[in-house]
Amino acid sequence: MNDKPVYLDYAATTPLDPRVLEAMMPYLTEKFGNPNSIHTYGREARRAVDEAREKISQLLNCQPSEIVFTSGGTESDNLALRGVVEAYRQKGNHIITTAIEHHAVLHTCKALEEKGFEVTYLPVDEHGLVYPEQVAEAIREKTILVSVMHANNEIGTIEPIEDIVKAVKERRPDILIHTDAVQTVGHIPVDVQKLGVDLLSFSAHKFYGPKGIGGLFVRRGVKLVPQITGGGQERNRRSGTENVASILGAAKALEISIEEMPKEMTRLQKLRDDLIAEVLKRIPDSRLNGHPSQRLPHNANFSFRGIEGETLLLQLDMNGIAASSGSACSSGSLEPSHVLLALGLSYEWAIGSLRLTMGRFTTYEDILKVIELLPSIVEKLRALTGFTV
């Protein structure tokens with residue numbers, strides 16, 4: 001059996017691609033200028049930032065001026081939600097989102113509720129899908145923003161964003177639409193014109209770029225109140241000296257990911273489908289979470305009755321397999337994933353979840369190792385709890 005450590009948590013973060021590091025290195029060493037300085041060092045850094053912005057805008061099919069660099073997905077989500085509702089508060093105070101959003105969106109919505117905004121949290125079906133007509137029906141006179149993620153970070157379900165945008169804009173063209181595309185940019189085709197959204201969040205460390213850098217697409221004409229004020233960088237939308245090396249790294253990482261996407265999507269789908277088929281066949285009382293086909297090519301999320309996800313993770317880690325779970329230990333009690341509960345899973349099913357996400361450096365041998373070890377680990381843990389199939 002393959003004895004090397006197996007990393008299957010690509011949805012949490014990806015390793016930095018060596019080609020990306022190589023592109024960043026000059027700007028971490030001799031090309032260290034502040035892009036806001038007017039001397040040679042500064043102009044060199046400014047040129048690099050401008051070129052990176054141009055490259056990312058081409059890859060997402062928008063204008064360079066529509067890209068705002070941030071520290072990552074969480075800040076992008078916060079800037080989109082807080083920035084828009086503050087800018088358009090005179091028009092209304094109602095936001096529509098879903099029950100399965102990332103906490104960067106959900107916790108921001110909760111904070112906005114405390115400031116007098118009203119939020120509708122739409123339910124999803126058993127596969128994690130939100131329907132366009134549901135979103136349209138939730139529109140009120142005071143609705144100013146809709147935020148629906150492009151694909152869910154836990155279960156991998158891809159939402160019908162294009163259809164949601166059409167349904168909303170047909171009723172009210174003035175309502176702005178944001179999508180958290182942190183899990184999709186660099187993994188599946190993302191074209192902001194095709195999607196039709198007004199704002200879109202992304203994060204470089206999800207597609208083999210550095211941590212601490214992300215971006216927000218803001219369609220031209222959309223007003224945004226900055227959440228970080230200071231020197232007025234990013235066209236007064238996000239102050240702070242630009243992270244030149246990381247911005248360059250983000251652009252290089254996205255370029256590589258999109259270039260390799262057709263081949264990589266096919267390869268990962270095969271690994272994913274083989275893994276899903278074998279796990280469901282070999283482990284009784286198991287289920288796949290998320291949409292069976294309308295899902296990210298690299299995501300497999302399972303639930304097993306009779307075990308706890310955190311314990312399963314520890315056992316896998318001891319066997320050299322890094323994965324993640326939707327459950328988390330909070331104040332001594334196991335909290336099931338809000339996403340899995342929104343699918344209608346019982347507590348028993350929801351706490352026994354396992355997310356396996358593959359990526360650029362995942363091999364078939366890695367998948368075989370999981371298929372070989374996982375059934376016996378689940379069986380052992382069930383024996384300890386006295387659960388019988």
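The values are calculated or read from the model by the stated rules, or taken from the named source; none is laboratory data. For clarity, every value in this text was computed on a predicted model and none was experimentally measured. All Cβ positions, even for glycine, are placed from backbone atoms using ideal geometry, and neighbour counts span all protein chains on display.
Results, tabulated for the structure shown:
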{"item": "The stretch 58-94, subset part of a helix (DSSP H, G or I) and hydrophobic (A, V, I, L, M, F, W, C), residue surrounded by the fewest Cβ atoms within 10 Å (Cβ to Cβ)", "result": "Ala87"}
{"item": "Within the stretch 121-138, tally of residues that are over 21 Å from the mean Cα position of the chain (by Cα) and not in a helix (DSSP H, G or I)", "result": "1"}
{"item": "Every residue from the stretch 11-36 that is free of Cβ contacts under 8 Å to residues at least 60 places away in the same chain and within 30 Å of Leu296 (Cβ to Cβ)", "result": "Pro18, Glu22"}
{"item": "Positions within the stretch 191-201 being farther than 23 Å from Tyr88 by Cβ and in a helix (DSSP H, G or I), in sequence order", "result": "Lys194"}
{"item": "Residues being part of a loop (DSSP other than H, G, I, E, B) and in contact (Cβ under 8 Å) with a residue 24 or more places away in the chain - total across the stretch 162-190", "result": "13"}
{"item": "Count of the stretch 352-371 residues which are out of contact with any helix residue (DSSP H, G or I) (no Cβ under 8 Å at 6 or more places or on another chain) and either without any contact (Cβ under 8 Å) to a residue 12 or more places away in the chain or not acidic (Asp, Glu) (or both)", "result": "6"}
{"item": "Only one of Thr97, Thr157, Thr143, Thr179 that is surrounded by 24 or more Cβ atoms within 10 Å (Cβ to Cβ), more than 15 Å from the chain's Cα centre (by Cα) and assigned by TED's automatic domain parsing to the domain that holds Ala250", "result": "Thr97"}
{"item": "Hits in the stretch 75-123 - residues which are polar (S, T, N, Q), within 23 Å of Ala250 (Cβ to Cβ) and without any contact (Cβ under 8 Å) to a residue 60 or more places away in the chain", "result": "Thr108"}
{"item": "Scope the stretch 231-252; condition in a helix (DSSP H, G or I) and either outside the structural domain of Ile56 (by TED's automatic domain parsing) or free of Cβ contacts under 8 Å to residues at least 12 places away in the same chain (or both); matching residues", "result": "Asn236"}
{"item": "The stretch 272-296: number of residues that are exposed (fewer than 15 other Cβ atoms within 10 Å of the Cβ), assigned to a loop (DSSP other than H, G, I, E, B) and small (Gly, Ala, Ser)", "result": "1"}
